[in-house]
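See structure below.
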Amino acid sequence: TILNQYYDENIFNDEHKMSSSGIYFAPPVGPMDSFVKYIDTLPLTDAPEVFGMNANADISLQANQTRMIVETCLSLQPRKKTAAGGKTGDEIVAELAIEIENRLPKILDMENAGPTTFIKRGEHMDSLSTVLSQEMDRYNQILVVMSSSLEELQRAIRGEVLMSDELDNMYVGFTNNTVPDNWGLVAYPSLKPLASWVENLIGRVNFMQIWLENGQPKVFELPYFYFPQGFTTGCLQNHARKYQLPIDELQFKYKVRMEEGLADVSEENMPADGVLVGGLFLDGARWDRELQCLQESHKGQLYDNMPVIHFVPHIDLSKKAIWEYDNSDGAVYPCPTYKTSTRSGALSTTGMSTNYIAPIDLPTPAGKPPSFWICQGIAMLCALND
C-alpha cells in the first residue's frame, strides 16, 4: 500500500505532494545542488504524516517511550526496607496479596448453570454452550493458580515457607504493579498493569458467571473471552448446523449497530441470525455515529469505543485479499482486530494467531479508500494498556 503511493504516475508531476503539509514531494529535475538544498529543508524529526499516519501517533509514541523508561527505572530500583507511611515492603505486599485474595471470584461451577445455558440444537450441544464450558475451564485454572500462589506468598513473607524464585517474582511484581510471570503463563494476553489486570479478570469471570446462570447474553463482550477465535468459530458452527451449510464456506459480514452497549439492546431488536458483539476499541480512528463510517480521530483522542457490531454468518466464495478491495467511494476497510495493542503474535497449535482475531469490515467515507486507513495503521483492540 505504501509503495503504491510512490509507484504512481503522479510522481512525475512537479505539483504532486506526498503529504498534506506539502513538505514532502519529489523535487523537480535539476542539478545535484538543488536536491541537496531540498533535503536540507526537511525536518530533522519526521512527522507522522510522512508515513501517512495521524498526528495522534506522536502521542502514542511518546507515551510508549515514557512507559518503557519508567518500567526500566522500576526494574533497577533497589528494594526499600520502609516505604511511604512507614510500612515495610513486606507489609505492603502482604496487604496487597490479602486484598486480591479477598476479591477473587469464586470458581465457575457447572452446577450453577441455568436451565437455558447448556441446551441442545437438534442432536448436538449448542456450540456457544461448548465455548462457555471451555472458557470456564481456562478461567478456573487462572483462579486456582492465583489463589494458591497468593496463599504461599503470604506464608513466605511470614517466614513459614521458603521464598522461592516464583514467589520472589510475585513479590517484585506486586511492588512494581506488574502481573507476575506465574500468572501470565496461564492467563490471556494482556499489557495491563497489575491493578487494572485484576479488575479486568473480575469483569471477565463475572461475565461468564452471568452467562452460566442466565443463559446466553444479548450482547457478547468479545474482550472477555480467553480465546475469542473459539467464540467466532462457535457462531459459524451454530449457523452451519441451523441451515445445513458447509462451515468451511461460511464467513462473517459485519454491521455496526446504533446501540452503544447491552443496556441499549431490546428484545425486539435482537437479530434472527448471527450474534451481537460489543466491547471493542478503535485504535487510531473514530466511528462517526451519524454517517456510520470511519473518520479520523479528533486531536488527542487515541481510542474510540465501538458500538455494538452484528456478526452475520453467510456464504461468500469471492474472498478478497486486503489489497483487492474496491478503492471507490462506499468501500469497506477490513479492519484487523487484535487482543492487545502489540499487534503481533505467534501461531498456536490450532493454526490461529495468539493475538490476531479477524478482519472486521468497516465502511469508509467518500474520498478515503481502504489504503488511507491502512497507512494510518487503524485497528480494533479487545483491551487497552491501562
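Quick look at the numbers
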| quantity | calculated |
| --- | --- |
| Selection status of residue 98, assigned to a loop (DSSP other than H, G, I, E, B), modelled with pLDDT of 85 or more and touching a Leu at 6+ places or on another chain (Cβ under 9 Å) | no |
| Residue in segment 108-115 that is within 30 Å of residue 172 (Cα to Cα) and surrounded by 15 or more Cβ atoms within 10 Å (Cβ to Cβ) present | yes |
| Scan of segment 230-245 for residues that are among the hydrophobic types (A, V, I, L, M, F, W, C) and either open to solvent by less than 30 Å² (accessible area, probe 1.4 Å) or within 21 Å of residue 114 (Cα to Cα) (or both), ordered by number | 231, 235, 236, 240 |
| Within segment 158-267, helices (runs of 4 or more DSSP H) holding 2 or more residues that are of a type in the set (Asp, Glu) | 165-176, 194-214 |
| Cβ-Cβ under 6 Å pairs, at least 6 apart or on other chains, segment 233-253 side closer than 16 Å to residue 357 by Cβ, far side surrounded by 13 or more Cβ atoms within 10 Å (Cβ to Cβ) and polar (S, T, N, Q) | 234/127 |
| Identity of the residue in segment 195-204, in contact (Cβ under 8 Å) with a residue 24 or more places away in the chain and open to solvent by 20 Å² or more (accessible area, probe 1.4 Å), that ends up farthest from residue 268 (Cα to Cα) | 196 |
| Any chance residue 74 is more than 19 Å from residue 376 (Cα to Cα) and touching a residue at least 60 places away in the same chain (Cβ under 8 Å) | yes |
| Any hit, segment 272-283, residues being in a helix (DSSP H, G or I) and more than 17 Å from residue 360 (Cβ to Cβ) | no |
| Neighbours by Cβ (under 6 Å, 6+ apart or cross-chain): first from segment 152-164, touching a residue at least 12 places away in the same chain (Cβ under 8 Å) and under 18 Å from residue 96 (Cβ atoms); second surrounded by 15 or more Cβ atoms within 10 Å (Cβ to Cβ) and among the small types (Gly, Ala, Ser) | 153/97; 154/94; 154/97; 157/94 |
| Only one of 227, 207, 220, 252 that is open to solvent by 20 Å² or more (accessible area, probe 1.4 Å) and modelled with pLDDT of 95 or more | 207 |
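The values are calculated or read from the model by the stated rules, or taken from the named source; none is laboratory data. Just so it is clear, the structure is predicted and the values come from calculations on it, not from any experiment. Quick reminder, even Gly has a Cβ in these numbers, built from the backbone with ideal geometry, and neighbours come from all protein chains shown. Note: accessible area is taken over every heavy atom of the protein model, side chains too, but ligands, DNA and RNA are not part of it. Shrake-Rupley method; radii C 1.70, N 1.55, O 1.52, S 1.80 Å.
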